Amino acid sequence: MHATADYWSAKALTGYAPNWFSLCADEITWRVTGQTALAASRWLLQENVPVLPAASMLELGCLSGAKLRSCLDEGWISRGVGVDIALDAIERGRRIPRAALDLRIMDLNQPVPLGETFEVIYANGVLHHIENLEACADWMREHLRKSGVLIASEFTGPVRYRYSSHEIEAINEGVAMLPEELRKPFDPASLKPKLDADPSESIRSRDIPDVLRAAGFDVSLIPYGGNVLQRALGPAFFAKFSPMANTHRDALHRLIQFDAQIMREAPSHHHFIVARHRK
């Protein structure tokens with residue numbers, strides 16, 4: 001897993017390029033919550049924890065701990081523990097000491113006991129990078145309080161981005177809705193550099209809900225699409241997209257509506273997952 005650790009350490013340092021999730025954050029929040037005043041992850045926390053701040057939250061894939069710090073600062077949690085395979089990211093986070101925050105290095109394919117349980121376990125785009133999902137799911141169950149909740153936002157689409165011909169056709173139908181200067185037909189081969197750089201990418205993305213159920217969780221799935229948006233809004237789009245241009249905004253709106261249509265017709269490629277101990 002050295003390549004994966006190196007990849008995410010570098011990602012923590014360089015940050016993320018503009019992407020569909022950040023551009024369409026309000027739309028995603030609306031699809032999950034029916035409102036846009038509160039981000040989806042915060043809304044789900046509010047809806048699923050009886051009393052806030054939550055006593056403790058464990059974040060999987062915490063990198064340098066930015067989300068945990070924001071949850072502490074905003075009064076959503078009283079204590080945060082984060083685990084990540086990215087050594088450099090954990091070390092950077094540790095350089096900003098915080099009494100209520102504990103960051104630890106861990107490979108979630110081979111998780112080790114933490115010696116405590118948590119009211120909330122949170123994972124944002126992490127579980128689809130775990131090959132040994134069974135071990136990770138059992139470990140999460142053991143570390144989640146009986147009254148606690150697991151909240152995850154996950155890619156649940158094709159394993160290793162092996163899109164079907166029908167999925168590729170839908171993506172390129174969406175691309176065709178864009179103005180010519182924002183348009184580049186989707187070719188799955190363009191994803192090879194990303195897959196080569198991170199051997200864990202989408203390693204068992206389709207299996208996540210079933211593995212959680214087999215581990216003893218009751219699982220609720222909240223779809224938020226992205227089947228078309230994730231690939232249609234690629235580097236060519238972001239290189240020239242202007243939110244001030246009416247033609248660009250209108251095309252994006254049409255594409256968002258098309259993505260919503262596809263989400264109703266086919267399994268969503270992204271879900272929020274809310275899971276609890278099975279009663």
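Annotations for the structure displayed:
- Helices (runs of 4 or more DSSP H) within the stretch 204-261 that include 1 or more residues in contact with a Pro (Cβ under 6 Å, 6 or more places away or on another chain) and at pLDDT 95 or above: 235-240
- Within the stretch 63-78, being in a loop (DSSP other than H, G, I, E, B) and more than 25 Å from Gln110 (Cβ to Cβ) holds for Glu74, Gly75, Trp76, Ser78.
- Scope the stretch 64-80; condition buried (at least 18 other Cβ atoms within 10 Å of the Cβ) and either in contact (Cβ under 8 Å) with a residue 60 or more places away in the chain or within 12 Å of Ala54 (Cβ to Cβ) (or both); matching residues: Leu68, Cys71, Leu72, Trp76, Ile77, Arg79, Gly80
- Here the condition is being of a type in the set (Gly, Ala, Ser), modelled with pLDDT under 95, over 19 Å from the mean Cα position of the chain (by Cα) and more than 28 Å from Gln261 (Cα to Cα); of Ala10, Ala54, Ala37, Ala3, it holds for Ala3 alone.
- Pairs where the first residue, in the stretch 244-260, is closer than 15 Å to Asn227 by Cα and the second is surrounded by 13 or more Cβ atoms within 10 Å (Cβ to Cβ) and of a type in the set (S, T, N, Q), C-beta under 9 Å, 6+ apart: Asp259/Asn227; Asp259/Gln230
- Residue pairs meeting the criteria (Cβ under 8 Å; at least 6 apart or on separate chains; first farther than 12 Å from Ile130 by Cβ, in the stretch 193-209; second modelled with pLDDT of 95 or more and assigned to a helix (DSSP H, G or I)): Leu195/Arg160; Leu195/Tyr161; Asp198/His129; Arg206/Val159
- Residue in the stretch 108-116 that is surrounded by fewer than 16 Cβ atoms within 10 Å (Cβ to Cβ), touching a residue at least 60 places away in the same chain (Cβ under 8 Å) and in contact with a helix residue (DSSP H, G or I) (Cβ under 9 Å, 6 or more places away or on another chain) present: yes
- Number of the exception - Ala123 against (1) assigned to a helix (DSSP H, G or I); (2) surrounded by 19 or more Cβ atoms within 10 Å (Cβ to Cβ): (1)
- Every residue from the stretch 79-100 that is assigned to a helix (DSSP H, G or I) and of a type in the set (A, V, I, L, M, F, W, C): Leu87, Ala89, Ile90
- Boolean, Leu45 is within 18 Å of the chain's Cα centre (by Cα) and without any contact (Cβ under 8 Å) to a residue 60 or more places away in the chain: no
- Tally, over the stretch 199-231, of residues that are surrounded by 18 or more Cβ atoms within 10 Å (Cβ to Cβ) and touching a Phe, Trp or Tyr at 6+ places or on another chain (Cβ under 7 Å): 8
- Residues of the stretch 151-181 satisfying the condition of being outside any helix (DSSP H, G or I), over 17 Å from Ser268 (Cβ atoms) and small (Gly, Ala, Ser): Ala176
- Only residues that are part of a helix (DSSP H, G or I) and touching a His at 6+ places or on another chain (Cβ under 8 Å) were counted across the stretch 182-198, and they come to 1.
The values are calculated or read from the model by the stated rules, or taken from the named source; none is laboratory data. Nothing here was measured: the structure is a model prediction, and the numbers come from that model. For neighbour counting, all protein chains shown are included, and Cβ atoms are generated from backbone atoms with ideal geometry for every residue, glycine included.
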